[in-house]
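Visitor: After the structure tokens below, expect a handful of questions from me.
Only the coordinates and a few stated rules stand behind these numbers; no lab work does. Predicted model, so just to flag it, every value in this text is computed and none were measured. No Cβ is skipped: glycine too gets one built from the backbone with ideal geometry, and neighbour counts run over all protein chains shown.
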Amino acid sequence: MKLAEFVNSPKGRPIAITFAVLAVLGTGYLLYSAAGGSDAVISSTDRVFICSETGKTFRYTLKVGDMTPVKSPHSGKETGYEPERCYWTADGKPKPEPTYVLLNAAVGKPGPTFCQDCKRLVVGLNPPAGAGEQPPPTEQEYKARGGRNR
């Protein structure tokens, strides 16, 4: 039996219609998924910022043309910078939730930046903490090494 004959038969017509509807729905879903709204798209634009005046964090959704610093809801001014995340405790253990740290370099201050919670060195693109990894130096350790990380 040829395909055209099957589609025009009493048994083939409902099957062909069902297949066509499923194909249209599947195509629609794929187009919707590709157009945005995915977790990756949302996380690339919805970010945490820290106010350089108050030290408070806030969420901000980046829009085309935005430049840093962004307007902070805490100061009402363009004092919002993207912080680094510190996942260390004072005793050198990893922790699950980050402390957001504003780098001195981001606001034009000289010198290294240390986490306000654990007092450990925080750098740009700060590496995540991991079990069995050496934690960054504390401020005291850093100064004792003559300003070297390791």
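Visitor: Apply the Karplus curve 6.51 cos²θ - 1.76 cosθ + 1.60, θ = phi - 60°, to the phi angles in segment 94-101 and return the couplings in whole Hz, x for Gly and Pro.
Guide: x, 10, x, 9, x, 9, 8, 10
Visitor: Continuing with this model, one more query. Can you tally the lysine pairs in the chain where the Cα-Cα distance is under 26 Å and the two residues are eight or more apart, or on different chains?
Guide: 18
Visitor: For the chain, what is the relative contact order in percent, using Cα pairs closer than 8 Å and at least 6 residues apart in sequence?
Guide: 13
Visitor: Gaussian network model of the chain, Cα springs within a sub-10 Å range: biggest mean-square fluctuation belongs to which of Pro14, Pro135, Pro110?
Guide: Pro14
Visitor: Helix 12-35 versus the longest principal axis of the chain: what angle, 0 to 90°, nearest 10, using Cα atoms?
Guide: Computed tilt is about 20 degrees.
Visitor: Also: Mind telling me which of Arg59, Arg13, Arg47 comes out most flexible in a GNM of the chain, alpha-carbon contacts under 10 Å?
Guide: Arg13
Visitor: For Lys56 and Gln134, FRET efficiency with R0 = 22 Å and r from the beta-carbon atoms, rounded to 0.05? Don't jump to the answer; show the numbers that get you there.
Guide: On the way: r = 31 Å, r/R0 = 1.41.
The calculated FRET efficiency here is 0.10.
Visitor: Assuming R0 = 30 Å, can you tell me the calculated FRET efficiency for the pair Ala20 and Asp46, based on Cβ-Cβ distance, to the nearest 0.05?
Guide: 0.20
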